[in-house]
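This report refers to the structure that appears directly beneath it.
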Amino acid sequence: MTAVELDCPETSTESAAPRPRPRLWAQRLWREIFFATIIAGTVTLCLSPLRRAGWPRNHEALHFANRTAVYADHFRHGDLLPVWSSLNAFHMGTPFPLFYHKTFYFVSASLYLVLGAMKLSIVLAIAVFMFAGAYGMRAATHELTGRRLLAFSAPVVLLLANYTFTDWLIRGAMAELTAMMLVPWLLWWCLRLVRRGTWSWWIVPIYFLLFNAHNALTMYATVPLAIAGTVFLVKERRRGLAAVWRPALLSAGGIVVLLVPLFVVQWGFLDDYNPGKVTQAGYKASERFREFSTYFVNSDFRWLRDAHKFTTQIDYGIWLPLALFVVAGAAAVALRHRPAMSVVGRVMFSPAGAFLVVTATVMLMLQCSFTRPLYQAVSILEFLQFPWRLLAFITPLGILLVAHVAGNLRVLGRRVMLVLALCWVATFAVLSPLHHDFQYNFYPQQRIDLATAPSPTAANMGIGEYLPRVAVDGHEMPSVEVMAAYEAMYTKRRQTEVIRGSCTIRALRRTSLDPRTLSYRIACTQPSTVALPISYSRFHRVRVKAAGEAAVRTFRDRSDPRLMVDLPGRDGMLVVVRLPSMASVLRQLLIPR
């Protein structure tokens, strides 16, 4: 018997043993490298319009560069949570860093400190958030379908989507791009809840980053969260509630703890500042509806033809497959085709499908003018300003719905699914602006570089929402009039003024782009009141150095936005104004003197 075994090696136990499978970690490593390569190539392709010198004209001009420079200067001096910018509003300063969206600028400013090149820093910051969005979409798609091909295709489609390009290329809305790239992570969390019935602690950092990315869009994040919670409770009932109420409370507590310092400091400024003025001058969501049909077909729009025009069209690669599925599903129900009806049931009525369908439907309904009474009744919803901003939710929701439908078409083989996925991606690429030439000019590179120098070009005031409240005869002036007053003071060189008495005032040279203190040499022949070229805040700290150091009285006239200071009649005074920081404001609010 032994001889026979030796003469017939093909029957030996060694050759009959199965070959060892490659190590799982090696497979995962190559998979991750492959995916990262795909996303890196897609990001590079998407950002290719920026290969020219300068920056394309857009709705934000170069204010994102100004903000990056402001944040970088604060970081350079150890102020990691900026509250006040002395560069804003014709160098009179406002608390725009406190109220404005932050997440993008933490990244772009950090990159600028390392690289020292403004355009490169902004481009890399966009790339960072594109990567974050791609990985979030991959996680959500894999959680939804479990199919690797779809989990690799959906992130590419997100980066090539119409509204992604609209955000960063056409509008220059870096804060909204950041929020849009974080939305897939929020949807991933919701899908985990409705499919697995498990509460993930990742909701705390996701919500915190999303809030600081764009607080107006974060208000509407309650829609998917509420719908996911409802679907979860319907599915799990009392057992589910008993399982998640403790982690839910702890997560809510964690988010509150992270946001409370910011809210406290913002509350401290509300006596003199009203960021709610952002809804003035017609910038209310209830007044900014677009024709609903343009969300599906916008034949008048051409990419890169006019810097002032943009599209809110949902990609054909999203709504056409879904419309086809709805028509086919209706036909299947009408014909009582059971296999097709089972597919419709899995897509529409599974927990994940119900969550996606209901959430997308609600977001689409909020684009319709019949929801105007809702916006007007719940006034905080007006802060969205433009209903079409919800495309930051609708786009990833639509992509996930297409993936959900494809994942349930089990009759399709691998090769057919691969061909369909490649066609899906190609559709987005072909219809993107990547195949168009710019028909308008770029901002020159010098304009980008000026963002790092204290010049009037850095005098971004938004629409006046960060300027002080100014009241005349008991009536608060609208923001457009306050903006006009600031511009008049700048052009007429009346930012500094002696209100009472007789003084000479000389501003000392600023020590950096956006310094934490401002200094003035002042000589007064008698006790006087002066208006310094600084927007008022009760958190400014003013000290006079002349034969010693003393605090002085500061106040404001409600009809004047400037900081008023009472000074003694003395020669050679050095007046130092320390501007607010997160630490100093919290100290003043929580430890009153």
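The values are calculated or read from the model by the stated rules, or taken from the named source; none is laboratory data. Just so we're clear, the structure is a prediction, and the values are computed from it rather than from any experiment. Here Cβ is always computed from backbone atoms with ideal geometry, including for glycine, and neighbour counts include all displayed protein chains. Ligands, DNA and RNA are stripped out before the accessible areas are found, and what is left, the full protein with its side chains, is counted by its heavy atoms. Shrake-Rupley method; radii C 1.70, N 1.55, O 1.52, S 1.80 Å.
Under a no-solvent Debye model with one identical scatterer per Cα of the stretch 408-517, what's log10 I(q)/I(0) at q = 0.21 Å⁻¹?
The calculated log intensity ratios at q = 0.21 Å⁻¹ are -1.29.
Based on the inverse mean of 1/r over its pairs of different Cα atoms, what is the Kirkwood hydrodynamic radius of the stretch 256-391, in Å?
About 18.6 Å, per the Kirkwood formula over Cα pairs.
On C-alpha positions alone, give me the angle between the axis of helix 316-335 and the longest principal axis of the chain, in degrees, nearest 10.
Helix 316-335 sits at roughly 50 degrees to that axis.
For the stretch 535-584, compute Rg over Rh where Rg is the Cα radius of gyration and Rh is the Kirkwood radius from the inverse mean 1/r over Cα pairs. Intermediate results must be reported in sequence, preceding the final value.
Values: Rg = 11.8 Å, Rh = 11.8 Å.
We get a ratio of 0.99 for the stretch 535-584.
Taking only protein heavy atoms and a 1.4 Å probe, what accessible area per residue, in Å², does the stretch 360-407 have with all protein chains in place? Don't skip to the end; give the middle numbers.
Working: 1520 Å² over 48 residues.
Averaged over the residues of the stretch 360-407, the accessible area is 32 Å².
Quick one: angle between helix 174-196 and the longest Cα principal axis of the chain, in degrees between 0 and 90, rounded to 10, please.
40
Any idea what angle helix 103-115 forms with the longest principal axis of the chain, computed on alpha-carbon atoms, 0 to 90 degrees, nearest 10?
It is inclined by approximately 80 degrees.
Given q = 0.13, 0.21, 0.26 Å⁻¹, what are the Debye log10 I(q)/I(0) values for the stretch 120-168, with equal point scatterers placed on the Cα positions and solvent ignored?
Each listed q maps to, in turn, -0.32, -0.71, -0.92.
Ordered by packing density, taken as the mean number of other Cβ atoms within 10 Å over each peptide's residues, highest first, how do 173-179, 286-292 rank? Could the numbers behind the result be given before it?
Details: 173-179: 27.3, 286-292: 15.0.
Listed from highest to lowest mean packing, they are 173-179, 286-292.
Show me the three semi-axes of the equivalent ellipsoid for the chain, from the C-alpha gyration tensor (sqrt of 5 times each eigenvalue), largest first, rounded to whole Å. Display every interim value, and only then the final one.
Numbers: eigenvalues 577, 146, 121 Å².
Its equivalent ellipsoid spans semi-axes of 54, 27, 25 Å.
Extending each Cα 7 Å along its Cβ direction at residue 525 and residue 76, get the distance between those two points in nm, one decimal.
For the pair residue 525/residue 76, the computed spacing is 4.1 nm.
Leaving ligands, DNA and RNA out of it, rank 59, 404 by accessible area with a 1.4 Å probe, largest first. Intermediate values should be presented prior to the final figure.
On the way: 59 80, 404 10 Å².
Most to least solvent-accessible, the answer reads 59, 404.
Output the relative contact order of the chain, whole-number percent, from Cα pairs under 8 angstrom with separation of 6+ residues. Walk me through the numbers before you get to the answer.
Working: 867 pairs, mean separation 113.0, N = 593.
In percent, rounded to a whole number, it is 19.
Using the basic label-point model (7 angstrom from Cα toward the beta carbon), what is the residue 61 to residue 546 distance in nanometres?
Simple spin-label model gives 3.8 nm for this pair.
Distance cut-off 28 Å, Cα to Cα: go down the list 102/309; 102/284; 119/309; 119/284 and report the pairs above it. Intermediate values should be presented prior to the final figure.
Working: 102/309 26 Å; 102/284 22 Å; 119/309 24 Å; 119/284 32 Å.
Pairs exceeding the cut-off: 119/284.
From the C-alpha coordinates alone, can you work out the Kirkwood hydrodynamic radius of the stretch 345-464, in Å?
Across the stretch 345-464, the inverse of the average 1/r is 19.2 Å.
How much accessible surface does residue 110 have with a 1.4 Å probe, in Å² rounded to 10?
50
Can you pull a Stokes-Einstein diffusion coefficient for the stretch 451-587 at 20 °C (1.002 mPa s), Rh from Kirkwood over Cα pairs, as a whole number of µm²/s?
133
Please report the carbon-and-sulfur percent of the accessible area for the stretch 155-290; probe 1.4 Å, protein heavy atoms only, DNA, RNA and ligands left out. All intermediate terms of the calculation are to be shown ahead of the outcome.
On the way: 3390 of 5210 Å².
Roughly 65 percent, rounded to a whole number.
Among 114, 513, 580, which residue has its Cα positioned farthest towards the positive end of the charge dipole of the chain, with +1 placed on the Cβ of Lys and Arg, -1 on the Cβ of Asp and Glu, and the dipole taken about the Cα centre?
Checked the options; the winner is 580.
Looking at the stretch 49-154, what % of the alpha carbon pairs are farther apart than 17 Å?
More than 17 Å apart: 62 percent of the Cα pairs in the stretch 49-154.
Could you check how much of the accessible area of the stretch 334-413 is carbon and sulfur, as a whole percent, using a 1.4 Å probe?
Answer for the stretch 334-413: carbon and sulfur cover 70 percent of the accessible area.
Take 119, 492 and sort them by solvent-accessible surface of the protein heavy atoms, 1.4 Å probe, largest at the top. If you can, show how the numbers build up before the last one.
Working: 119 30, 492 140 Å².
Sorted descending by solvent-accessible area, the residues read 492, 119.
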